[in-house]
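Below is one structure, written out as structure tokens, with a few remarks after it.
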Amino acid sequence: MRTNHRFSWEISYFTPPEHPKAWYPATVPGAAQLDVGKALGLPDPYFADQAKEWAWLEDVTFVYRTGFRRDDLLAGQPEGTQVWWRCGGIDYRWSVALNGQVLEQGEGMFRPLSLRLEHLQDDNVLEVTVFPVPKVAGRPNDRSQASASTKPAVSYGWDWHPRLIPSGLWDDAWFEVRPQPVLELVNFEPGLSADLSVARFTVDVVWDRPLPGGIHQEGRVRARLREAKGEAIWDASQAAASDAGFGSGAGKGTNARFAGTLHNPQLWWPHDQGTPYLYQLELTLEVAGREVDRLVRTVGFRRIRLVTNEGAWNEPAIFPKTRSVTGVQFEVNGRGVFAKGTNWVNPEVFPGTLTAGRYEELLDLAVGANFNIVRVWGGGIVNKEAFHDLCDQKGLLVWQEFPLACNNYPDEPAYLATLAREADAIVRRLRLHPSTALWCGGNELFNSWSGMDDQSLALRQLGAICLALDPGTPFLPTSPVMGMGHGPYVFRDDAGQDVFEVMNKARCTAYTEFGVPSPSSVAVLQGIIPADELWPPLPTTAWTAHHGFDSWQPTTWLMPEVIADYFGPADNLALLIDAGQTLQAEGYRYVYEEARRQKPYCSMALNWCFNEPWPCAANNSLVMYPAQPKPALAAVRQACRPVLASARYAKFRWTEGELWEAELWLLNDSPFDIPAVTVSAWLDDGERTLLATWPCPALAPGVNAAGPTVRWPVRSGGPVFRLMLEVDGAADWGSEYQFRRRNLVKVQEGTARMNQTETREAL
């Protein structure tokens, strides 16, 4: 059986024509900048504007090295034992050498390496050289410098990400000792019959060298499929034949293919639609009846399609008569599913530090918010394997984008060759996961700031790779495409419309980015902004470095003037934060519910964004760095419940004398029939008033119902009034909404302060 070994690493850096001088301890996986920064005592890049002190590390060459003795690996091993060095990925342009001899060099961080180490000496040194980060000459100091590489563009600076560009050994690296041949699973390709009652699948495996006895005698490879509890339900084996014709890319020329059939399979579902059932695929390699290698991984059976949204075929009503929007309705195992989810960004500026535990902490929050999909945004990384394993287990669909975002990527051969190698590796790895629901070329590529279109060779190439390697998973060239919406991103736009008004006028097949900003908590801000700059927030301080000001627009993402307009001037930080987080919570709640009301024409709602890569002063995230929920996450959890009573209304703030009104709905995304219920609408303005009762009829799975409109003349009073919706016999389907009131005459001295202090209660 194979055994793995890990040795300690050192790192150095230099700028040619210099050579490495001092060596420092290195953490693998990690980031070269973190190791060197720690050794040199560079200031905390997350505090104030100190990230600028790290900028020079973009332009140096790093060298990792590890030493080992041959006997450390081969003592007691039989003759013919092989030693391999394996690595999940090197960021970004690199060279690997053993004892001064280059083994391989390349470009791209998402292609795993598997290098056989031959001609070992008694003492050996493996070196990994990582060259300066790629930049397009002549471009400004922004994301456009990444426009000729597959380096994630976000690292070059975004409106919620500092310019901190990592590099180095960002994924796991180890030495693998192989006394016998070892297996690799190349592909598990499932298929389901039209009625989902029969699963037919193929399993492709390779091993790294011919077996003793060849095709006629001793070698055999076996594949078993086991239920979740471990019982084998399919078993097949083959003689271990030699054949150089299998095009797996694994490279050593021995392979087997199995074909199997399973009747009445358990299906993999998003967690809100059923059980994300996983089988165990077990592969073994035997020589003379003795097992020499074993691989076990989970697999699943599901059918995922993108279909045209209901009503879209009727547009346009005049010539030219052709489809005017792209189909983006997810159909999972024959059932239309409303995709409720979020945009996932790098959870760390330095993604090499990510662990399975960190992924799970964040994904548990996503599932807890009733999300069934995460869009892995194309400006960031393709996540490590642990992320995708967890999405399989937790029943989260994954919209996976390639590392292209907001740039015009060239039709040049060198770039296309790098992109093809990276995309090939990405698809081969992630197609094994049943949670992989959609391939997408990248973010905002069909826009004026990018300038790409359907004929761009990069996107045509990505579509071809996905079709060839994973034909059962849908592909989109970018987001958004015709019919889909990116935005809104603020609580109130430049025209004075709040997010409620904007959404009520919108008509999109999918809202794949929308945001409402808020400040982070006092504790987060105290950790990143000097004490003498905390209050008041000013655009000349660390608030800007951490995206409070001058990010997307001059006052985003803090937007203090909007907060003050709704709640009055705040005289301390806690009041400002409470008010801003209230706006975010109420705004996000409404967008999700309104998108659901627009079914079936609308089929998706994904906010921008879920998490943060570092502590931000303010932005659109639902979860503060590293994994601290904002109050908005609780509001979104309520909005994304499978079934809930909901209200559609015109705006957040109402003035004394106006006629307030709200339309009642029952929203249903569940896969079950919903019985007839009675919904009661109560107005709370210091005392409860029953506005209406609505006998809502029974509903089919996934179908909403619209009810009556309730009205109430706004009178003078306190700063907040509320609407409560109660469902007889289903208390957990009830909802509560708050509204701001503007009195024509000031009610009492100090109203602004009272408005602020009521905010926390409202949450």
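The values are calculated or read from the model by the stated rules, or taken from the named source; none is laboratory data. For clarity, every value in this text was computed on a predicted model and none was experimentally measured. We place every Cβ from the backbone using ideal geometry, glycine too, and count neighbours over all the protein chains shown. Areas reflect the complete protein model, heavy atoms only, side chains present, ligands, DNA and RNA absent. Shrake-Rupley method; radii C 1.70, N 1.55, O 1.52, S 1.80 Å.
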Selection count where residues are open to solvent by less than 10 Å² (accessible area, probe 1.4 Å) and either closer than 14 Å to PRO517 by Cβ or assigned to a helix (DSSP H, G or I) (or both), scope region 598-609: 2
Can you pull out every residue in region 511-528 that is more than 16 Å from TRP552 (Cβ to Cβ) and either open to solvent by 10 Å² or more (accessible area, probe 1.4 Å) or of a type in the set (D, E, K, R) (or both)? SER521, VAL522, ALA523, VAL524, GLN526, GLY527
Residue check for ASP91: open to solvent by 50 Å² or more (accessible area, probe 1.4 Å) and in contact (Cβ under 8 Å) with a residue 12 or more places away in the chain: no
Output the residues belonging to region 1-17 that are open to solvent by less than 60 Å² (accessible area, probe 1.4 Å) and among the small types (Gly, Ala, Ser). SER12
Taking region 551-561 and keeping residues out of contact with any Asp or Glu (no Cβ under 9 Å at 6 or more places or on another chain) and open to solvent by 10 Å² or more (accessible area, probe 1.4 Å) leaves PRO554, MET559, PRO560, GLU561
Among the listed residues LEU558, LEU576, LEU538, which satisfies the condition of being outside any loop (DSSP other than H, G, I, E, B) and modelled with pLDDT of 95 or more? LEU576
Just checking, does region 299-313 include any residue being crowded, with 16+ Cβ neighbours inside 10 Å and within 30 Å of GLU218 (Cα to Cα)? yes
Would you be able to say whether some residue in region 50-59 is assigned to a loop (DSSP other than H, G, I, E, B), surrounded by 15 or more Cβ atoms within 10 Å (Cβ to Cβ) and in contact with a strand residue (DSSP E or B) (Cβ under 9 Å, 6 or more places away or on another chain)? no
Residue in region 471-485 that is under 28 Å from LYS599 (Cα atoms), modelled with pLDDT of 95 or more, assigned to a helix (DSSP H, G or I) and open to solvent by less than 10 Å² (accessible area, probe 1.4 Å) present: no
Which residue is surrounded by the most Cβ atoms within 10 Å (Cβ to Cβ), if the candidates are limited to region 652-674 and must be part of a loop (DSSP other than H, G, I, E, B) and among the small types (Gly, Ala, Ser)? SER670
For region 610-645: of the residues being of a type in the set (A, V, I, L, M) and assigned to a loop (DSSP other than H, G, I, E, B), which is most open to solvent (accessible area, probe 1.4 Å)? ALA627
Note on region 292-316: residues free of Cβ contacts under 8 Å to residues at least 60 places away in the same chain and in contact with a strand residue (DSSP E or B) (Cβ under 8 Å, 6 or more places away or on another chain) are VAL296, VAL307, THR308
Any residue in region 534-555 that's under 18 Å from LEU573 (Cα atoms): show its pairings with residues that are of a type in the set (Ser, Thr, Tyr) at Cβ separation under 7 Å, as long as the two are six or more apart or on different chains. PHE549/THR555
Pairing a residue in region 1-26 that is in contact (Cβ under 8 Å) with a residue 60 or more places away in the chain with any residue that is part of a loop (DSSP other than H, G, I, E, B), where Cβ atoms lie under 6 Å and the two sit 6 or more apart in sequence or on different chains, gives ARG2/VAL182; TRP9/VAL28
Report yes if some residue within region 330-339 is open to solvent by 10 Å² or more (accessible area, probe 1.4 Å), out of contact with any Leu (no Cβ under 9 Å at 6 or more places or on another chain), at pLDDT 90 or above and among the small types (Gly, Ala, Ser); otherwise report no. yes
Test: ALA570 is assigned to a helix (DSSP H, G or I), buried (at least 20 other Cβ atoms within 10 Å of the Cβ) and of a type in the set (A, V, I, L, M, F, W, C): no
Condition broken by PRO78, with the remaining ones in (1) within 23 Å of PRO181 (Cα to Cα); (2) open to solvent by 60 Å² or more (accessible area, probe 1.4 Å); (3) within 33 Å of the chain's Cα centre (by Cα) satisfied: (3)
Number of positions in region 445-468 that are open to solvent by less than 30 Å² (accessible area, probe 1.4 Å) and in contact with a Ser or Thr (Cβ under 6 Å, 6 or more places away or on another chain): 1
Working only within region 581-591, note down all residues that are open to solvent by less than 10 Å² (accessible area, probe 1.4 Å) and out of contact with any Phe, Trp or Tyr (no Cβ under 9 Å at 6 or more places or on another chain). ALA585
How many residues of region 495-535 are in contact with a helix residue (DSSP H, G or I) (Cβ under 6 Å, 6 or more places away or on another chain), more than 21 Å from TRP614 (Cβ to Cβ) and part of a loop (DSSP other than H, G, I, E, B)? The answer is 2
All conditions in (1) more than 28 Å from the chain's Cα centre (by Cα); (2) not in a strand (DSSP E or B) are true of ARG163 except (1)
Test: THR540 is over 24 Å from ARG375 (Cβ atoms), among the β-branched types (Val, Ile, Thr), over 29 Å from the mean Cα position of the chain (by Cα) and surrounded by fewer than 20 Cβ atoms within 10 Å (Cβ to Cβ): yes
